[in-house]
1. Among the helices (runs of 4 or more DSSP H) confined wholly to region 1-98, which include 1 or more residues that are hydrophobic (A, V, I, L, M, F, W, C) and at pLDDT 95 or above?
2. Could you check how many residues of region 150-174 are among the hydroxyl-bearing types (Ser, Thr, Tyr) and over 45 Å from the mean Cα position of the chain (by Cα)?
3. Looking only at residues that are without any contact (Cβ under 8 Å) to a residue 40 or more places away in the chain and more than 36 Å from the chain's Cα centre (by Cα) in region 105-130, which one is farthest from Pro162 (Cα to Cα)?
4. Is it true that Arg82 is closer than 30 Å to Arg69 by Cβ, surrounded by fewer than 17 Cβ atoms within 10 Å (Cβ to Cβ) and of a type outside the set (A, V, I, L, M)?
Amino acid sequence: MNCPLIEWIWTMSKSSRILTRGRPSDAYPARPASSSSLGRRGGFTLAEALVAGVLLSLSAGVLSLITTRGMAALERSRDLHRAAGLLDATLTRIDLVGPARAQVEGWTSGQFPQPDDRFAWQAEILPDPNSNLYDVTVTITWTDSGRRPHSARGRTLLDDPPGSHSPDLQWDDL
């Protein structure tokens with residue numbers, strides 16, 4: 001059967017190696033074996049393995065650094081959050097007993113009990129001679145796990161007219 005279309009397809013298949021008529025060896029003839037590929041097996045060379053190892057160790061180092069800094073930031077954040085809570089509680093105690101009485105009775109510094117024994121506080125209470133207002137500044141200090149000192153400070157004005165606070169309230173009861 002002499003058909004021009006089939007002859008054209010056959011010619012194209014030989015030039016582009018698309019159609020093989022069932023013989024893959026015609027489409028992709030075998031390469032002659034070179035001396036360098038005769039004894040070579042599939043796998044990685046030593047240089048490729050070393051480069052991969054170096055890249056893996058660098059990646060692990062960067063991830064370790066990121067994790068360490070993240071944990072340190074988390075610790076600082078927790079400490080600041082706890083210090084803010086202790087600062088608020090200390091200012092509330094001074095307000096409840098009255099700043100004048102806290103100053104007279106010496107409730108101006110101390111250490112917090114467990115589990116906050118890393119934290120200490122100090123209060124500075126300054127009366128305004130022209131009114132019943134007191135300028136109260138409380139400073140919370142602590143050390144982190146690396147033994148570096150930190151502090152948080154809060155300041156407020158408290159009104160303490162005479163007789164406005166119960167004399168039965170004790171600092172340790174609050």
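The values are calculated or read from the model by the stated rules, or taken from the named source; none is laboratory data. None of these values were measured; they are calculated from a predicted model. Cβ sites come from the backbone with ideal geometry, for glycine too, and all protein chains shown count toward neighbours.
1. Result: 46-97.
2. 2
3. Gly106
4. Against the criterion (closer than 30 Å to Arg69 by Cβ, surrounded by fewer than 17 Cβ atoms within 10 Å (Cβ to Cβ) and of a type outside the set (A, V, I, L, M)), Arg82 does not qualify.
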